[in-house]
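Student: The structure is given below, and queries will be raised subsequently.
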Amino acid sequence: MTGYLFRRIPTAVIVLFAASLLIFAVLRLIPGGPEAALAGSDATPEDLAAIRHDLGLDRGFFVQYAAWIGSVLTLDFGTSYQVGGSIGDLVSFGLTNTLVLTSAAAVFAVALGLALSLAATIRPSTWLNTLLTGVNAVAIALPTFVVGIVLIFLFGVRWRLLPAGGTPPNGLTDDLWITAQYLALPAFTLGLPAGAMLARFLTEALQSELTQPYAVTAIATGASRRDVVLKHALRNALPSTITAFGLIVGALLGGAVLVESIFGWPGLGLLTEEGISARDYPLVQVLVLLSVTVFVLIQLAADIVHAWLDPRIRLAGAA
Amino acid sequence: MFRHQFARTLWALLLALIAVVGLSSCRSAVDAQQGPVTGSGPVVRGGELRVGVLGDLSPAKFLQIGTGGLNGHIVANVYDTLITLDHASLTPRPSLATGWTLAPDGLSLALNLRRDVTFHDGREFTSSDVQQSLLAYLAGPWKPQFKRTAAAITRYDVTDPHRVVLSFAHPVGNIFDLLDSAPIIDAKTLDGLKAGRTFNGTGPFEFASWTPNARVTLVRNNNYWGGSPALDKVTFVEGNDPKSLYTRLRTGQLDVVDPIGLTSHDQKLATSRYGFRDIEFTGAESEVYVGVNVANSALADRRVRQAIAFAVDRERIMTDVYQGAGYPVNLPWPKTSPAYDASANHTFTRDVSKAKAILAGLPPVPPIDLDYSSQGGTSRIVAEIVQSNLKDVGITVDLVPNDPTVHSSKLIGGEFSGLWILEHAFAQFTPSTLAVSAYPFNAAKNASNFVDADYAAAADAAWKTADPSSPEAIAAYRRLDAVWLKELFLVEIGVVVQHATASPNVRDVGWDRRVQFHFAGTSLTNPDRRS
């Protein structure tokens, strides 16, 4: 196993190094630089040159890269060009908000997926199944921005039941009931397609379980369909659904970018959008590198678990 | 079996009861944020004013005008300036300076300072703070627009702590624009200001907190020299999209939205249909224009530029796009400017036959790019109208959308290949400011690549005339007008009057020529609307 780790970890490090170089280079290929965003339209070319100098952007590419990567390795992420604050603080604030939103959306998705799937499986009437299939299809097909805008109009503007956007004035932890109300619409918007997809996975898994001999026998001997589903089939159907749910959670994090923008929820999505539009190089570099690092670490962990479980993997290439 | 069902029903009823009782005793986020939609009455102290703005605070450009609404609103409410310019005229009004004397030769200005002013940390304000503030204004990291004016100050006499004498390299016609714009900051905490940590001013509100990407909160300065403000606190709520701010205003989550926070259409809708209050910024206008790169071979001939000036339908743009919030012009001056000349604005009105007649005697004009900023949407509509107008006279235009940063970058670098749409400000200040502080008009180097010795001389003469309303100054402005109307390196479309929108619950919102809110005299008719 140690040998496998010695082979696998350097690969991950090389991937991260290449990604950091790519991120650093690609950002500088985007037309317009941070100096134009900082100077505004009444600046002169001399002002731009002065800002580039102050930011160190007039130095060589590799000098700039070495300075940046050196500070990142010491966990000093630098200072945002636009906001001026510590990038570490900005990212942790945005990350907290994004995690709160995606967690709420995930809870909603699980509740919705379970409810739809169990309803369709326990009471397999034609009209209910047709209805649920239709609802499922609509929930998956509707673009997030359409759902978000319709919800804002109905619940925020027309009926005034829930806040139309933003975050609780006194923070997320001051009054959890107020926070829940602010979260309701964005979490529903984000969680709706995820819940519908989850319902499809679970329904298919449950239907498959109900064709197994144990389930057929139980129903034939008089056990209610509900008991068979809830006490036996569900437990057996969950592992494959949980695997699918893992993928859906990844999609939730990606989808949060758009939902944050629609509802003015200050998470990583909004931070990234603002960073790119202001050409805030250090901020965007850290945000993208963070997502690459998370992805690489998850891959690494998955490979290590696989290798631990399967000797053929960990011994391959060792000879 | 029956017992099971009964127990299950009982449990369900119990849970439902708990839920109903629980929810009814909880606070509603909507109720907590809503105020009355109508109301008026005496000034009542207290309450929180929630102001919607687009974009976050950006300390790196803190003293730049128009590069972020929130910066300006913080400058206007946490800091004071030496004077303030009157809305209707350019007359300076006392603020931290109680009086002033300009030397007859225009080479020095003595200002008497208030004696009862302290910074928020308790330190007394003195004349050396004026010197330190103006030096910090110049030093950056920000690139403020009046830096040429500040750089013309050659000496500061601060021997008397309550009087400062500024000496100039030459008479400076727009010195009061600088003194109206440059806030008095605390040099001792300058590093904190640059880092966005410390905002120590002398203004009516103290900086309390900043949650990046979310909100900035100011609290009342009880020791304010101008009297303690009525509001307990002001919270600036950041939005990333005008539609989102409009929705939050309509649903009672916001009390005021600043002019760049709403589209003209939504602003009009809120005030005409939903009873919101309109705050008009007459005296803080901006101007929309078609820029022309005279280095483009198709546009090098002045007659082509004249044909463009005759082709543009200014009336339609001002009526349809800006919903009547402005008026068409040929020159950049708003009606409130001493340089405004109504008769000059009839030089170019839409006249398709005249434009065609001019172009008939010229070689065919090849297709020209027309750049516009993709932010918002207003520029795109203006660009489409101009494209259609030019097609009517036989000029083909290709639209080029840019994100705001690329648009700025092209402007400053003079890299627009043909035409572009943009708004400029600074015509609302002393007229000479336009030619020395607004880059599109900069006589030394500008986005149009227009260089002309007469223009440079006229701009210099206007700037170096000490009294900006003297006959000599007016003559200098007329020289600038003549160059603009003849050379047409910028084809002005119209003056845009900015509008903000407020709930009827909000009274007496102040503002300045930089489109910044001043809340020192603002109050809420029902400040206890929320707990």
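Student: Given the options A:Asn136, A:Asn97, A:Asn170, which has the most mean-square fluctuation in a GNM of chain A, springs set between C-alpha atoms less than 10 angstrom apart?
Tutor: A:Asn170
Student: Still on this structure: Rounded to the nearest Å, what's the spacing between the alpha carbon centres of the stretch B:418-456 and the stretch B:123-185? Just the number, please.
Tutor: Spelled out, the Cα-based centre of one part sits 24 Å from the other.
Student: Quick check on chain A: helices-only [θ] at 222 nm, where DSSP H runs of length 4 and up contribute -39,500 (n - 2.57) each and the sum goes over total residues. Nearest 500, please.
Tutor: Numbers: 14 runs with 239 residues, N = 319.
After summing the helix terms and dividing by the residues of chain A, the value is -25000 deg cm²/dmol.
Student: Return the long-range amide H neighbours of B:Phe276 (sequence gap of 5 or more, or a different chain), with a cut-off of under 5 Å between placed amide H atoms.
Tutor: B:Thr271
Student: When Lys and Arg each count +1 and Asp and Glu each count -1, what net charge do the other residues less than 15 Å away from A:Ala36, Cβ to Cβ, add up to? Spell out each step's value before the answer.
Tutor: Details: positive: A:Arg28, A:Arg52, A:Arg279, B:Lys61, B:Lys143, B:Lys410; negative: A:Glu35, A:Asp42, A:Glu46, A:Asp47, A:Asp54, A:Asp58, A:Asp280, B:Asp371, B:Asp403, B:Glu415.
Once positives and negatives cancel, what remains is -4.
Student: Please arrange A:His53, B:His162 by counting, for each residue, the other beta carbons lying within 10 Å of its beta carbon, fewest first.
Tutor: Going from least to most buried by this count: A:His53, B:His162.
Student: Can you put A:Val110, B:Val352 in order, fewest other beta carbons within 10 Å first?
Tutor: Ordered from fewest to most neighbouring Cβ atoms within 10 Å, A:Val110, B:Val352 come out as B:Val352, A:Val110.
Student: While we're looking at this one, here's another question. Quote the FRET efficiency, to the nearest 0.05, computed for A:Asn170 versus B:Thr319 with a Förster distance R0 of 51 Å and r equal to the Cβ-Cβ distance.
Tutor: 0.70
Student: Can you give the extra length, in nm with one decimal, that the chain gains between B:Lys335 and B:Ala139 once fully stretched, where that is 0.36 nm per residue apart less the Cα-Cα distance?
Tutor: Full extension of this stretch gives 67.1 nm more.
Student: With the Cα gyration tensor of the stretch B:150-189 giving a ≥ b ≥ c as the square roots of its eigenvalues, does the rule (a/c under 1.5 for rounded; else a/b larger than b/c for prolate; else oblate) give rounded, prolate or oblate?
Tutor: oblate
Student: Between A:Phe295 and A:Arg226, what FRET efficiency comes out of the Förster formula 1/(1 + (r/R0)^6) with R0 = 56 Å and r the beta carbon distance, rounded to 0.05?
Tutor: On the way: r = 41 Å, r/R0 = 0.73.
Result of the calculation: an efficiency of 0.85.
Student: If I take R0 = 45 Å and measure r between the Cβ atoms of B:Gln375 and B:Asp105 in this structure, what FRET efficiency does the formula 1/(1 + (r/R0)^6) give, to the nearest 0.05?
Tutor: Efficiency for this residue pair is about 0.45.
Student: Moving to a separate point now. Tell me the volume per residue, in Å³, of the convex hull enclosing the alpha carbons of the stretch A:55-109. Before the final figure, lay out each step's value.
Tutor: Numbers: hull volume 6.1 nm³, N = 55.
Taking the convex hull of the Cα positions in the stretch A:55-109, it is 110 Å³ per residue.
Student: Also, I was wondering about something else. In deg cm²/dmol and to the nearest 500, what is the mean residue ellipticity at 222 nm of chain B if only DSSP H runs of at least 4 residues count, each as -39500 (n - 2.57), divided by the residue total?
Tutor: -9500 deg cm²/dmol
Student: Over the Cα atoms of the stretch A:165-309, Rg to Rh with Kirkwood Rh, two decimal places? Each step should come with its number before you reach the end.
Tutor: Details: Rg = 21.2 Å, Rh = 18.8 Å.
That ratio is 1.13, to two decimals.
Student: By its C-alpha gyration tensor, with a ≥ b ≥ c as the square roots of the eigenvalues, how is the stretch B:375-531 shaped: rounded for a/c under 1.5, else prolate for a/b larger than b/c, else oblate? Spell out each step's value before the answer.
Tutor: Details: a/c = 2.50, a/b = 1.32, b/c = 1.90.
Oblate shape, in that a/c is at least 1.5 and b/c is the bigger or equal ratio.
Student: Quick one: helix A:126-141 against the long Cα principal axis of chain A, what's the angle to the nearest 10°, folded into 0 to 90?
Tutor: Its long axis makes an angle of about 10 degrees.
Student: How large is the Kirkwood hydrodynamic radius of chain B, counting all unique pairs of alpha carbons, in Å? Present the calculation step by step, with values, prior to reporting the outcome.
Tutor: Details: mean 1/r = 0.0398 Å⁻¹.
Every distinct Cα pair counted, the radius reaches 25.1 Å.
Student: Just to check I understand the Karplus step: with θ = phi - 60° and J = 6.51 cos²θ - 1.76 cosθ + 1.60, what whole-Hz values come out for the stretch B:364-370, glycine and proline as x?
Tutor: Residue by residue, the stretch B:364-370 yields x, 8, x, x, 10, 6, 10 Hz.
Student: May I pose another question? Once label points are set 7 Å from the Cα along Cα→Cβ at both A:Ala12 and A:His53, what is their separation, rounded to one decimal in nm?
Tutor: Once both label points are built, they end up 4.5 nm from each other.
Student: Report, in whole Å, the centroid distance computed from the Cα atoms of the stretch A:139-160 and the stretch B:248-265.
Tutor: 20
Student: Considering only C-alpha atoms, what is the centroid distance from the stretch B:83-119 to the stretch B:301-338, in Å?
Tutor: Between the Cα centre of the stretch B:83-119 and that of the stretch B:301-338, the gap is 35 Å.
Student: Considering only DSSP beta bridges with both partners in the protein assembly as shown, what is the antiparallel share in %, to the nearest 5?
Tutor: Counting only bridges with both partners in the protein assembly as shown, antiparallel ones make up about 75 percent.
Student: What angle, in degrees between 0 and 90 and rounded to the nearest 10, separates the Cα long axis of helix A:268-277 from the longest principal axis of the Cα atoms of chain A?
Tutor: 40
Student: Rounded, prolate or oblate, given the Cα gyration tensor of the stretch B:195-259, with a/c below 1.5 counting as rounded?
Tutor: Taking the square roots of the gyration eigenvalues as a ≥ b ≥ c, the stretch B:195-259 is oblate.
Student: Oh, and also: Kindly put B:Glu206, A:Glu46 in sequence by how many other C-beta atoms sit within 10 Å of each C-beta, fewest to most.
Tutor: Going from least to most buried by this count: A:Glu46, B:Glu206.
Student: Additional query: Between helix A:2-29 and chain A, what is the angle of the helix's C-alpha long axis to the longest principal axis, kept within 0 to 90° and rounded to the nearest 10?
Tutor: Result, in degrees: 60.
Student: Sticking with this one: At a Cα cut-off below 14 Å, give the aspartates and glutamates reachable from B:Lys194, other chains included and same-chain residues fewer than 8 away excluded.
Tutor: Leaving aside aspartates and glutamates fewer than 8 places away in the same chain, those within reach of B:Lys194 are A:Asp54, B:Asp186.
Student: Between B:Thr347 and B:Ser89, what length in nm is gained on full extension when 0.36 nm per residue of separation is reduced by their alpha carbon distance?
Tutor: 90.3 nm
Laboratory data are not the source of any read-out in this text; all were calculated from the coordinates shown. Here the structure is a predicted model, which means the values were calculated and not measured. Quick reminder, even Gly has a Cβ in these numbers, built from the backbone with ideal geometry, and neighbours come from all protein chains shown.
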